Amino acid sequence: MNAKHLELTQVGIDFPTPKGPFTALRDVNLNIKKGEFISLIGHSGCGKSTVLNIVAGLHQATTGGVILDNVEVKEPGPERAVVFQNHSLLPWLSVYKNVELAVKQTLRGKSKAEIREWVMHNLELVHMTHAIDKLPSEISGGMKQRVGIARALAMEPKVLLMDEPFGALDALTRAHLQDSLMEIHADLGNTVIMITHDVDEAVLLSDRIVMMTNGPAATVGEILEVNLPRPRNRLVLADNPEYNHYRHEVLTFLYEKQKKVEPVSARKSGTEKGASSSKTDAA
Ligand SMILES: Nc1ncnc2c1ncn2[C@@H]1O[C@H](COP(=O)(O)OP(=O)(O)OP(=O)(O)O)[C@@H](O)[C@H]1O
Ligand SMILES: [Mg+2]
C-alpha cells in the first residue's frame, strides 16, 4: 500500500545571521495523508511559518526535504497554494480580477466563459459573488480573507497552506470563516496545513494538531489526533467532554510542557522575531 502523500523528512534549516547560522528547525518529521487537516501550533517564533514556507517552496531546507506525491518540493508551485494572514490581494484589481489572475495561471488554454464560470464558482464557495467588482480597499478584512481563500482554492491545489488565516479577524467573523472552511474542506477534500495560535480553532478544525517545541532548533513535540466526528458544530462541542479534553491537552503542552519563560533582556535584542512572546492568544 502506498499511502504516502506529503512527507517532511528530517527537515532542518539554518538561517544565516551576522552572528553565524541560526538553526530555526531541526529534524522535523511529519507524514500527512491526502485530505488530512493539520494544524501547526506553538509559541511565537518557534518556526511554524518556516515549516509552512518550506512546504510552499519559498524556503529551502538545509537538511532533509519535503516530498509531495513522490515529487520533491524545490520551488513554489500551483499545487501548493498559500493563504497568508494579511490577505495579500493586489490592491489595484477587483475581487473578480484577483481570483481570475490566479485562475488564468493554472487553467491555461480554457475559454473565457470557462474561466468566468470557475472564478464565480470559487467566489460562491466563500460567499463573495456580491462583491466581484469591488476593490480590496472597499471590502472588510474578513471579506478580503475570503477572497484570498477563493483565490487559493481556484488553483485547485493539492495542498492548501494557511498561515494564521483568521488571526487578524474579530471572533464572529473568524467563527463564520472557520465554518465555511470546514464545509469547503468536506466538499473538496484538499490536504490542509494551517498555522494557528487559537486552541479552539485547532481542535475544531483539525484531524491532527502538530505541536511544536520552542526554538531554536524547534521540532515536532507532540501530535494530537482529534477523533471528533464530522461535521463538527461549535455549539454542540462546547459542552462535549472529549472536545474539552483535546483543548486541555494542547493548553498543557503550550503552557506547561513548552512553557515559555523569557528573560526581560531577551526582549531588548529585537533580533528574534518572536522575542516578546508573552502574548497568549490561545487563552
Ligand atoms: N529569514 C530569516 N533569517 C533569520 N532568522 C529567521 C528568518 N526567518 C525566520 N527566522 C527565525 O526563525 C525562527 C522561526 O521563525 P518563524 O517565523 O517560523 O516563527 P513562527 O512560529 O511562525 O512565529 P509567529 O507565531 O510569531 O509567526 C525565529 O526565531 C525567527 O527569528
Ligand atoms: Mg509565523
The one condition in (1) under 26 Å from Phe166 (Cα atoms); (2) within 16 Å of ligand 2 (Cβ to nearest atom); (3) in contact with a Gly (Cβ under 9 Å, 6 or more places away or on another chain) that Ile13 fails to fulfil
(1)
Could you list, in sequence order, all residues of the range 55-96 that are within 16 Å of Lys158 (Cβ to Cβ) and of a type in the set (Val, Ile, Thr)?
Val55, Val66, Ile67, Val71, Val73, Val82, Val83
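Going by the structure shown, is Leu123 in contact (Cβ under 8 Å) with a residue 24 or more places away in the chain and over 18 Å from the mean Cα position of the chain (by Cα)? It would help to see each step written out before you state the result.
Working: in contact (Cβ under 8 Å) with a residue 24 or more places away in the chain: yes; over 18 Å from the mean Cα position of the chain (by Cα): yes.
Criteria met by Leu123.
If I filter the range 32-48 down to residues being within 13 Å of Glu225 (Cβ to Cβ) and not β-branched (Val, Ile, Thr), which single residue comes out as nearest to ligand 2 (Cβ to nearest atom)? Please lay out each step first, then the result.
From the range 32-48, those within 13 Å of Glu225 (Cβ to Cβ) are 32-33, 36-39; that's our starting set.
Next cut, not β-branched (Val, Ile, Thr) only: 33, 36-37, 39.
Working: Lys33: 24, Glu36: 21, Phe37: 19, Ser39: 13 Å.
Selected residue: Ser39.
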All but one of (1) acidic (Asp, Glu); (2) crowded, with 17+ Cβ neighbours inside 10 Å; (3) at pLDDT below 95 hold for Asp207; state the number of the condition that does not hold.
(3)
Which of the residues spanning the range 115-162 are within 16 Å of ligand 2 (Cβ to nearest atom) and in contact with a Lys or Arg (Cβ under 8 Å, 6 or more places away or on another chain)?
Leu161
Any residue in the range 61-73 that is charged (D, E, K, R) sitting within a Cβ distance under 6 Å of a residue that is surrounded by 15 or more Cβ atoms within 10 Å (Cβ to Cβ)? List the pairs, counting only those 6 or more apart or interchain.
Glu72/Gly65
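The values are calculated or read from the model by the stated rules, or taken from the named source; none is laboratory data. Predicted, not measured: the structure shown is a model, and the values here were computed from it. Virtual Cβ from ideal backbone geometry, glycine too; neighbours counted across all protein chains shown.
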